[in-house]
Amino acid sequence: MTAINHIWAQLPPMPREQLVAAVAGYESAGLEGIWASQTFGAPFLPLSAAAAVSEKVKLGTGIALAFVRSPLETACNIMDLDLISGGRAVLGLGSSAQSLTEGAFGSSYGKPLTHMREVIGMVRQIVAKGHTGELGVLEGEYHRLDLANFRTLAPPVRTEIPIYLPAVFQNACEMAGETTDGLLGHPLWNAQWIRDVAAPALKRGLDKAGRPRSAVTVNLQMFVAVNPDKREAINDARANVAFYSQSPQYLRYFDGIGMGDPARALQERFAAGDLAGMVAACTDEMVESIALVGPKDEVLRRFHERVEHADACTPVIPHYGLEPDKMAFYSAGIADLFYGN
């Protein structure tokens, strides 16, 4: 599998006419799939709309927050999407930040990897056996589901739907190798982290479970700003890199790639409510380490450095802080460089 031939795109919620046009464009360009992410609203709804106006592209929740709804609701949602799409659904499940899960959603976070393993296990059981009436009681540390009288109205399109796990740190990569069908790499990852940390951790998980490398599809998300004016591309990507870097949970990552000092500086500015200071604290070196910025040939060179360890790729524009004309410009750059290969 060559990553440049397996390109995915991000689909945010948008008005009907725009969504129909976007999905048609992705299909005509030969993209493998579309991700819809969850910040607040669940991603199943825009993907269901995309399913109704498409025939081929895979439709992935990239990601759905795993701890803010019952595993039963998650399983039923992904089975519904698989039904509407004719078997094209992919379930990406993420833990997100503890502050978002507990604060904004009022849900239990707990130990994220333990909690995630429990959710994945329950979702798989419901998808596989929800139509049989044989589930009984599913009980774990975080959830107790009495499904003794539960039965779906019909068998699912597929009794096994691919599950992807997003990751920043090595423990999640290892868990993906051990238990899931896919690993969705964080767009903050740089080439060094992918090569020296993520790939070896994935292998450890695969080896632990006795699984081949082909058992897990690695899809790398990347911030991409194609622009013949590299200085402009760096400046345009700076706010986005800063915004995605403002969580203290990521400090271990930034220390690991040698960017701990600017990360601490921008996090301090964010905590003080100084968004302009947050952006200013994000150095050129930090932007270039994380985002693929500059002319086509440079972006492609750095792209190939990263996808040596990947099977698919999701290039996304550095959208935070960009005006609509810049968003359109960088979206066109991604389409020109990656779509239709």
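May I ask you to say which residue of ASN235, ASN341 is part of a helix (DSSP H, G or I) and either closer than 23 Å to GLN10 by Cα or modelled with pLDDT under 95 (or both)?
When all the criteria are applied, what remains is ASN235.
Return the total of residues in the range 40-78 being among the β-branched types (Val, Ile, Thr) and over 23 Å from ALA104 (Cα atoms).
3
If I ask for residues that are closer than 24 Å to ILE126 by Cα, modelled with pLDDT of 95 or more and β-branched (Val, Ile, Thr), which ones from the range 27-67 would you list?
Of everything in the range 27-67, just one residue is closer than 24 Å to ILE126 by Cα, modelled with pLDDT of 95 or more and β-branched (Val, Ile, Thr), namely THR61.
Listed here are the residues, each with its yes/no results for (1) closer than 22 Å to ALA215 by Cβ; (2) not aliphatic (A, V, I, L, M).
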residue	(1), (2)
ALA104	no, no
VAL127	yes, no
GLU141	no, yes
PHE150	no, yes
ALA167	yes, no
LEU184	yes, no
ALA191	no, no
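Please specify each residue of the range 285-303 satisfying the condition of being out of contact with any Lys or Arg (no Cβ under 8 Å at 6 or more places or on another chain) and in contact (Cβ under 8 Å) with a residue 40 or more places away in the chain.
MET286, GLU288, SER289, ILE290, ALA291, LYS296, VAL299, ARG302, PHE303
For the range 227-255, give me the residue count where each residue is of a type in the set (Asp, Glu) and surrounded by 19 or more Cβ atoms within 10 Å (Cβ to Cβ).
1
Residues in the range 130-139: is at least one assigned to a helix (DSSP H, G or I), without any contact (Cβ under 8 Å) to a residue 40 or more places away in the chain and surrounded by 15 or more Cβ atoms within 10 Å (Cβ to Cβ)?
Scanning the range 130-139 turns up no residue that is assigned to a helix (DSSP H, G or I), without any contact (Cβ under 8 Å) to a residue 40 or more places away in the chain and surrounded by 15 or more Cβ atoms within 10 Å (Cβ to Cβ).
Considering each residue of the range 183-226, count those that are over 20 Å from the mean Cα position of the chain (by Cα) and either buried (at least 22 other Cβ atoms within 10 Å of the Cβ) or modelled with pLDDT under 95 (or both), and give that number.
1
Return the residues of the range 29-48 that are aromatic (Phe, Trp, Tyr) and either touching a Pro at 6+ places or on another chain (Cβ under 8 Å) or crowded, with 19+ Cβ neighbours inside 10 Å (or both); say none if nothing qualifies.
If the condition is that a residue be aromatic (Phe, Trp, Tyr) and either touching a Pro at 6+ places or on another chain (Cβ under 8 Å) or crowded, with 19+ Cβ neighbours inside 10 Å (or both), then TRP35, PHE44 are the ones that fit.
Which of the following residues is under 21 Å from ALA89 (Cβ atoms) and part of a helix (DSSP H, G or I): ALA176, ALA172?
ALA176
Are there strands (runs of 3 or more DSSP E) fully within the range 1-118 with at least 3 residues that are under 26 Å from ALA328 (Cα atoms) and under 14 Å from the mean Cα position of the chain (by Cα)? List them.
Counting at least 3 such residues, we get 8-10, 33-36, 58-65.
From the set of residues in the range 167-180 that are without any contact (Cβ under 8 Å) to a residue 40 or more places away in the chain and over 20 Å from ILE257 (Cβ atoms), which is farthest from the chain's Cα centre (by Cα)?
Out of the qualifying residues, it is GLU178.
How many residues are farther than 23 Å from ALA265 by Cα and in contact with a strand residue (DSSP E or B) (Cβ under 6 Å, 6 or more places away or on another chain) if we restrict to the range 223-247?
Residues in the range 223-247 being farther than 23 Å from ALA265 by Cα and in contact with a strand residue (DSSP E or B) (Cβ under 6 Å, 6 or more places away or on another chain): 3 in total.
Could you give me the residue pairs with C-beta distances under 8 Å whose first residue belongs to the range 69-80 and is of a type in the set (Asp, Glu), whose second residue is part of a helix (DSSP H, G or I) wherever it lies, and which are 6+ apart or on separate chains?
So the pair list comes out as ASP80/PHE44; ASP80/SER48.
Would you check which residues across the range 49-78 are farther than 19 Å from SER96 by Cα, crowded, with 23+ Cβ neighbours inside 10 Å and among the polar types (S, T, N, Q) and list them?
none
Of the residues that sit in the range 85-102 and are in contact with a strand residue (DSSP E or B) (Cβ under 9 Å, 6 or more places away or on another chain) and not polar (S, T, N, Q), which one is surrounded by the most Cβ atoms within 10 Å (Cβ to Cβ)?
Looking at the filtered set, the residue picked out is LEU91.
Name the pairs: first residue in the range 240-256 and in a loop (DSSP other than H, G, I, E, B), second residue among the small types (Gly, Ala, Ser), Cβ to Cβ under 7 Å, at least 6 apart or on different chains?
Here the result reads SER245/ALA263; SER247/ALA97, each pair linking the range 240-256 to a residue that is among the small types (Gly, Ala, Ser).
What pairs can you find where one residue is in the range 326-341 and of a type in the set (Asp, Glu), the other is surrounded by fewer than 18 Cβ atoms within 10 Å (Cβ to Cβ), and their Cβ atoms are less than 7 Å apart, with a gap of 6+ or different chains?
Nothing qualifies.
The values are calculated or read from the model by the stated rules, or taken from the named source; none is laboratory data. In this text, all values refer to a predicted model and were calculated from it rather than measured experimentally. Here the Cβ is made from the backbone with ideal geometry for all residues, glycine too, and neighbour counts use every protein chain on show.
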